[in-house]
């Protein structure tokens, strides 16, 4: 079945450490997105990418970095510059279609600080 | 980014009751999406709306695209325990490059 796979499901980060969250999709979708979700809040956009080797900052990009070397993959690195990284991270993808194509989500990665 | 306002923020209802929630925006949307998120999982698309005034059903769920194109409503009839979760509305930016999400409505169904 086609879908979006996020790994790991749970991740722990030590102070000063960079960690990378994986997102892979086999839906042949063009665009991919990373969101951060804090308890009781909505989704906030971190980064998005519409084509390979290109990406744009979202509303809360500081302390995060991404790459898009392959259409299927859009990993997110939470750097040590992100001082409050504890959150639920969601990856999504969609076909490009002028906003009429809904986003599909992975099952998320929960990041915590040790 | 733009915020979509959802209300109510949370709901506690008895099993079998009907549920109604809404989402408003300060700007016009051409598409409205409704998602449900179960605890610890990603949101799942419930209904997509593409035309002002459109009313679309998916089983016990019915969603409407407001005439002003600045709002949308989601109704759930005869609620059951598995309806528990957080319901989000979403709409695309003018360029279609990104989506804006509501703050969510948390639904609890009491058996």
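The values are calculated or read from the model by the stated rules, or taken from the named source; none is laboratory data. Because the structure is a prediction, the values reported are computed rather than measured. As a convention, Cβ positions derive from the backbone with ideal geometry for all residues, glycine included, and neighbour counts pool all protein chains shown.
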Any residue at all in segment B:71-84 that is within 27 Å of residue A:3 (Cα to Cα), part of a strand (DSSP E or B), within 14 Å of chain A (Cβ to nearest Cβ) and in contact with a strand residue (DSSP E or B) (Cβ under 6 Å, 6 or more places away or on another chain)? no
Filtering segment B:9-22 down to residues that are in contact with a strand residue (DSSP E or B) (Cβ under 6 Å, 6 or more places away or on another chain) and either within 11 Å of another protein chain (Cβ to nearest Cβ) or in a loop (DSSP other than H, G, I, E, B) (or both) yields B:10, B:15
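Answer yes or no as to whether residue A:46 is within 13 Å of chain B (Cβ to nearest Cβ), loosely packed, with under 14 Cβ neighbours inside 10 Å and either over 18 Å from residue A:13 (Cβ atoms) or modelled with pLDDT of 95 or more (or both). Break it down stepwise before answering.
Details: within 13 Å of chain B (Cβ to nearest Cβ): yes; loosely packed, with under 14 Cβ neighbours inside 10 Å: no; either over 18 Å from residue A:13 (Cβ atoms) or modelled with pLDDT of 95 or more (or both): yes.
No, not satisfied.
Against the condition within 14 Å of another protein chain (Cβ to nearest Cβ), over 11 Å from the mean Cα position of the chain (by Cα) and in a strand (DSSP E or B), how does residue A:55 come out, does it pass? Lay out the reasoning, then the answer.
Working: within 14 Å of another protein chain (Cβ to nearest Cβ): yes; over 11 Å from the mean Cα position of the chain (by Cα): yes; in a strand (DSSP E or B): yes.
In short, yes.
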Taking the condition of being surrounded by fewer than 22 Cβ atoms within 10 Å (Cβ to Cβ) and under 17 Å from residue B:31 (Cα atoms), how many residues in segment A:71-114 meet it? 9
Those residues that are over 23 Å from residue B:93 (Cβ atoms) and either within 14 Å of chain B (Cβ to nearest Cβ) or outside any loop (DSSP other than H, G, I, E, B) (or both), I need them from segment A:63-87; list them, please. A:70, A:73, A:77, A:78
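Table: residues versus (1) closer than 28 Å to residue B:85 by Cα; (2) in contact (Cβ under 8 Å) with a residue 24 or more places away in the chain; (3) in contact with a strand residue (DSSP E or B) (Cβ under 8 Å, 6 or more places away or on another chain).
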{"site": "A:3", "(1), (2), (3)": "yes, yes, yes"}
{"site": "A:9", "(1), (2), (3)": "yes, yes, yes"}
{"site": "A:23", "(1), (2), (3)": "yes, yes, yes"}
{"site": "A:31", "(1), (2), (3)": "yes, yes, yes"}
{"site": "A:55", "(1), (2), (3)": "no, no, yes"}
{"site": "A:72", "(1), (2), (3)": "no, yes, yes"}
{"site": "A:82", "(1), (2), (3)": "no, no, yes"}
{"site": "A:88", "(1), (2), (3)": "yes, yes, yes"}
{"site": "A:96", "(1), (2), (3)": "no, yes, yes"}
